[in-house]
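Visitor: My questions will all concern the structure given below.
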Amino acid sequence: MRVLIACEYSGRVRDAFLALGHDAMSCDLLPTDVEGPHYMGDVTELLHMGWDLMIAHPPCTHLAVSGSRWFKDKVAEQAEALEFVRLLMDAPIPKIAIENPISVISSHIRKPDQIIQPWQFGHGETKATCLWLKGMPKLTPTNVVEGREARVHRMPPGPDRWKERSRTYLGVAEAMAAQWGGEIP
């Protein structure tokens with residue numbers, strides 16, 4: 001299966017698909033954190049390249065409701081971010097998952113198909129993550145664990161805080177690859 005992981009610099013979801021034998025590539029404006037197939041540039045340049053599946057993590061800076069107190073000051077930026085999400089949702093790819101925290105996508109485009117938590121996939125933390133799905137089943141929890149800490153939300157300020165908060169949990173990445181891609185014989 002040819003898999004595009006859009007807006008991912010960490011390589012976590014890409015590498016989970018590669019580990020199962022898929023032809024997977026990440027794409028982001030940033031360089032990848034981990035060596036592997038990665039296109040550094042605009043994902044819109046890749047959307048028409050015959051992918052079977054795309055998992056997209058559009059930037060949540062202007063979308064997440066956690067930043068709603070600033071919405072009045074960034075109307076244009078939010079409109080642009082929503083248009084980018086629509087573009088990803090409408091990409092000519094048969095299977096699509098859009099991943100984002102609780103955000104205005106729900107009120108401006110449509111409600112998510114599923115909301116998952118890291119503690120459902122082996123990480124004792126809370127971080128509600130919405131999934132908008134096209135041609136794909138909902139994720140089934142793989143390792144429900146105790147612990148409901150909100151460590152991600154309590155990270156101290158710093159230049160890389162946004163980057164650390166945006167990383168996909170490994171258990172979630174592995175569930176995506178196993179359930180949406182499966183192992184290639």
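What follows is calculated from the coordinates using simple rules that are stated; it is not laboratory data. These numbers come from a predicted model, not from an experiment. Cβ: placed from backbone, ideal geometry, glycine included. Neighbour counts: every protein chain shown.
Visitor: Report P(r) for region 1-50: all Cα-Cα distances, bin width 5 Å, range 0 to the bin holding the largest distance, values in whole percent.
Guide: Result, from short to long distances: 5, 27, 34, 22, 11, 1 percent.
Visitor: Hey, what do the phi angles of region 54-61 turn into as Karplus ³J(HN,Hα) couplings, whole Hz, using 6.51/-1.76/1.60 and θ = phi - 60°, x for Gly and Pro?
Guide: 10, 10, 10, 10, x, x, 9, 3
Visitor: Continuing with this model, one more query. Where a ≥ b ≥ c are the square roots of the eigenvalues of the C-alpha gyration tensor, would you call region 86-138 rounded, which needs a/c under 1.5, or, failing that, prolate if a/b is larger than b/c, or oblate?
Guide: Note, shape of region 86-138 comes out oblate.
Visitor: Arranged by the count of other C-beta atoms within 10 angstrom, fewest first, what order do Cys60, Cys27, Cys130 take?
Guide: Numbers: Cys60 22, Cys27 25, Cys130 18.
Final ranking by Cβ density, sparse to dense: Cys130, Cys60, Cys27.
Visitor: Return the sequence-ordered ³J(HN,Hα) values of region 96-113 in whole Hz as given by the Karplus equation 6.51 cos²θ - 1.76 cosθ + 1.60 applied to θ = phi - 60°, using x for Gly and Pro.
Guide: Per residue, the Karplus-derived 3J(HN,Hα) values read 9, 10, 9, 10, 6, x, 4, 8, 6, 4, 4, 9, 9, 10, 6, 5, x, 7 Hz.
Visitor: Would you mind ranking Thr61, Thr32 so that the residue whose beta carbon has the fewest other beta carbons within 10 Å leads the list?
Guide: Thr61, Thr32
Visitor: Please list, ordered by chain and number, the residues whose modelled amide H lies under 5 Å from the amide H of Glu125; skip anything fewer than 5 residues away on the same chain.
Guide: Trp119, Glu149
Visitor: Distance from the Cα centre of region 24-63 to that of region 111-130, in angstrom?
Guide: That distance is 22 Å.
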